[in-house]
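*Asks:* Pasting a structure below so you can have a look.
The values are calculated or read from the model by the stated rules, or taken from the named source; none is laboratory data. The structure presented is a predicted model; accordingly, all values stated were derived computationally and were not measured. No Cβ is skipped: glycine too gets one built from the backbone with ideal geometry, and neighbour counts run over all protein chains shown.
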Amino acid sequence: MTVDTRAKTVETISTAPLFDIVVDLDPRVDFGADAPLGRRVLYRAAGGSFDGPDLRGEVVAGGGDWALIRPDGVMLLDVRLTLRTDDDELVYMTYLGRWVIPPQVRADMADPASRHRIDPARYYFRTNPLFETGSTRYAWLNDLVAVGSGYLVDGGVGYHVERVL
């Protein structure tokens with residue numbers, strides 16, 4: 001196979017911390033029987049907080065994750081959240097993602113009382129947050145791409161979010 005001569009060597013992608021976020025969740029809403037693409041569920045955001053070098057604040061209740069659980073058990077995330085910064089600015093955060101739980105971890109995940117204690121290294125939980133805001137102070141968020149690593153916490157989910165430089 002030949003290499004396309006139009007391909008260029010570019011700088012390696014690097015990241016820097018944006019924030020850590022914890023989203024408290026209401027009980028899951030199940031849309032019912034499996035649909036052709038899988039089982040649709042809603043995890044409503046009940047609140048939470050975020051904290052990073054350049055912004056911090058709270059997760060406003062009312063957003064959520066309209067997730068699709070595929071027949072193979074992989075969860076496709078579709079999340080929309082409102083963030084309120086500590087100086088009272090609003091930021092819309094949206095992301096897609098994947099949560100892949102290997103078969104050998106699924107039994108441990110079945111217990112809602114203890115699954116938040118499972119080491120996140122045992123599963124793959126990644127997101128790609130994007131942001132919108134009319135705030136002049138946080139307008140820089142409108143132009144960046146971020147990546148996040150998710151994990152379970154007692155009562156919700158957490159993410160370590162990095163900005164792509």
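*Asks:* Determine if the stretch 74-89 includes at least one residue that is of a type in the set (A, V, I, L, M), over 19 Å from the mean Cα position of the chain (by Cα) and over 20 Å from Ile21 (Cα atoms).
*Replies:* Scanning the stretch 74-89 turns up no residue that is of a type in the set (A, V, I, L, M), over 19 Å from the mean Cα position of the chain (by Cα) and over 20 Å from Ile21 (Cα atoms).
*Asks:* Pairs under 6 Å by beta carbon, first residue without any contact (Cβ under 8 Å) to a residue 60 or more places away in the chain in the stretch 101-116, partner of a type in the set (Asp, Glu) and surrounded by 11 or more Cβ atoms within 10 Å (Cβ to Cβ), six or more apart or different chains?
*Replies:* Once the first residue is without any contact (Cβ under 8 Å) to a residue 60 or more places away in the chain and sits in the stretch 101-116, its partners that are of a type in the set (Asp, Glu) and surrounded by 11 or more Cβ atoms within 10 Å (Cβ to Cβ) give His116/Asp154.
*Asks:* Only one of Asp54, Asp24, Asp78 is closer than 29 Å to Arg163 by Cβ and either touching a Gly at 6+ places or on another chain (Cβ under 6 Å) or loosely packed, with under 12 Cβ neighbours inside 10 Å (or both). Can you tell me which?
*Replies:* Every option except Asp24 fails the conditions.
*Asks:* Hey, another quick one. Scan the stretch 149-158 and give yes if some residue there is touching a residue at least 60 places away in the same chain (Cβ under 8 Å) and either of a type in the set (S, T, N, Q) or under 15 Å from Leu18 (Cα atoms) (or both), otherwise no.
*Replies:* Among the residues of the stretch 149-158, at least one is touching a residue at least 60 places away in the same chain (Cβ under 8 Å) and either of a type in the set (S, T, N, Q) or under 15 Å from Leu18 (Cα atoms) (or both), which makes the answer yes.
*Asks:* Would you please name the residue that is farthest from Asp86 (Cα to Cα), looking only at residues in the stretch 1-18 that are hydrophobic (A, V, I, L, M, F, W, C) and touching a Lys or Arg at 6+ places or on another chain (Cβ under 7 Å)?
*Replies:* Step by step, filter the stretch 1-18, then rank; the result is Ala16.
*Asks:* May I pose another question? Is it true that some residue in the stretch 113-134 is among the small types (Gly, Ala, Ser), surrounded by 14 or more Cβ atoms within 10 Å (Cβ to Cβ) and at pLDDT below 95?
*Replies:* Looking through the stretch 113-134, none of the residues is among the small types (Gly, Ala, Ser), surrounded by 14 or more Cβ atoms within 10 Å (Cβ to Cβ) and at pLDDT below 95.
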